[in-house]
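Some notes on the structure that comes next.
Read the figures in this text as sums done on the coordinates, not as results from a lab. Keep in mind that this is a model prediction, so the values were computed, not measured. As a convention, Cβ positions derive from the backbone with ideal geometry for all residues, glycine included, and neighbour counts pool all protein chains shown.
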Amino acid sequence: RNCELTQVGGMLDSKGYGIATPPDSPYRMPISAAILKLQEEGKLHILKTRWWKEKRGGGACRDDTTKTSSTANELGLANVGGVFVVLMGGMGVACVIAVCEFVWKSRKVAVEERVSSILHDT
């Protein structure tokens, strides 16, 4: 368990349980019914509590490292610096490609105009 993680906000979406079966499997409906029954009886919640919160101390962090503060932590340059490095690198590559395209197109147009002017002069 990583005790340096902080959850921001609540859950975005809560999905149900499911087990993948082949198409047209005869086990699809019985498995779905069994999962629904376990969920309605609260047994899935008991199993989740047992395996995620109770086993091996529930993965609980020590109290000295638990963050209970409701204030937001400030992000510094060290936290987001990589984003700016990637952004600047992408902008540099884009500029180099734009210059190369401009030079290539300029030469192509110059060659075409020179050829057409030679043909019209004769």
Seminar exercise, completed: Plugging the Cβ-Cβ distance of Trp51 and Ser25 into 1/(1 + (r/R0)^6) at R0 = 30 Å yields, to the nearest 0.05, a FRET efficiency of 0.65
Seminar exercise, completed: Other residues with Cβ under 12 Å from the Cβ of Glu101 give, with Lys and Arg +1 and Asp and Glu -1, a net charge of +3
